[in-house]
Amino acid sequence: MALPDSYTIKPGAIPEYFKALINAEAPERFSTKFLESVDLKSTNDRLFIGIMKDLGFVDTDGVPKPRYYELLDKTKWKTVLAAAIKDCYSDLFAVNKDANTLSVDEAKNKLRTLYAGAKKDTVITNIAKTFKALCDEADFTSTQTQAASSDNSSTEQQSPETKSNDDGAIKGKVQPTLNKVSLGSLQYHINIVLPESRDQAVYDAIFKSLRDHLG
């Protein structure tokens with residue numbers, strides 16, 4: 001189940017947490033010692049370590065992952081955070097693709113169903129508040145735009161060979177690919193369906209025409 005166990009009882013401090021870490025160098029380990037070095041010295045602040053692990057910014061030992069270094073880019077950190085939230089709370093986004101727009105109470109109700117009695121209401125409330133605070137800091141507009149762009153790209157890049165293979169199901173003798181015509185980085189595979197004939201001159205004329213036009 002892609003839902004977090006972590007939460008903070010200081011959701012209002014979420015903006016302060018991210019401001020502190022993106023203005024600091026990446027630590028060898030995201031630990032209590034690091035938090036203290038950026039003036040986050042409260043024992044309650046330590047709960048943020050678990051959140052960073054669940055979001056995939058650091059591993060179980062607190063060592064920064066590649067996503068952490070992306071977070072340090074001040075021009076796109078909100079987008080990076082949004083992507084991390086979608087991964088961390090993917091079950092919630094599966095129920096509601098616009099889960100980032102839910103209120104705390106709405107998120108709590110969805111989470112109660114998803115956790116299916118595995119967590120107490122007080123914990124789920126804290127998780128819902130944490131989720132809402134994280135979403136308020138993130139930029140989901142950019143991640144949605146990138147997702148749509150990726151989907152369109154996948155459709156446009158469908159191999160022409162797929163259609164050619166379907167056409168090749170026509171009855172008759174199918175000649176394997178004879179040539180490739182390259183246009184930049186694109187390649188087209190041409191399948192030739194030969195007519196049935198005992199006259200060799202028919203085939204000679206076809207292949208001569210292919211050589212003349214395709215090179």
Open item on the list: Pairs of alpha-carbon atoms within less than 8 angstrom and 6+ residues apart define the contacts here; what relative contact order does region 11-153 have, in percent?
Closed with: 24 percent
Task: Rounded Å value of the spacing that divides the Cα centres of region 15-53 and region 67-134 - done: 19 Å
Open item on the list: Between Ala205 and Glu28, what is 0.36 nm times their sequence separation minus the Cα-Cα distance? Round to one decimal in nm.
Closed with: 56.6 nm
Open item on the list: What does the charge count around Lys53 come to, taking other residues whose C-beta lies under 11 Å from its C-beta (Lys +1, Arg +1, Asp -1, Glu -1)?
Closed with: -3
TODO: For Thr141 and Ala118, compute 0.36 nm times the residue count separating them, minus their Cα-Cα distance, and round to one decimal in nm.
DONE: 5.1 nm
TODO: Please compute the net charge surrounding Thr122, taking Lys and Arg as +1 and Asp and Glu as -1 over other residues with Cβ under 13 Å from its Cβ.
DONE: +4
Open item on the list: Can you sort Tyr69, Tyr89, Tyr115, Tyr17 from fewest to most other Cβ atoms within 10 Å of each residue's own Cβ?
Closed with: Tyr69, Tyr115, Tyr17, Tyr89
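Cut-off is 10 Å between beta-carbons; in what order do Phe48, Phe18 appear when sorted fewest neighbours first? Provide the component values of the computation, followed by the final result.
Details: Phe48 24, Phe18 18.
Result, fewest neighbours first: Phe18, Phe48.
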TODO: Mind sorting Glu16, Glu25 by how few other Cβ atoms lie within 10 Å of their own Cβ, fewest first?
DONE: Glu25, Glu16
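Values in this text are rule-based calculations from the coordinates and carry no lab data. Keep in mind that this is a model prediction, so the values were computed, not measured. Note that we place each Cβ from the backbone using ideal geometry, even for glycine, and neighbour counts take in every protein chain shown.
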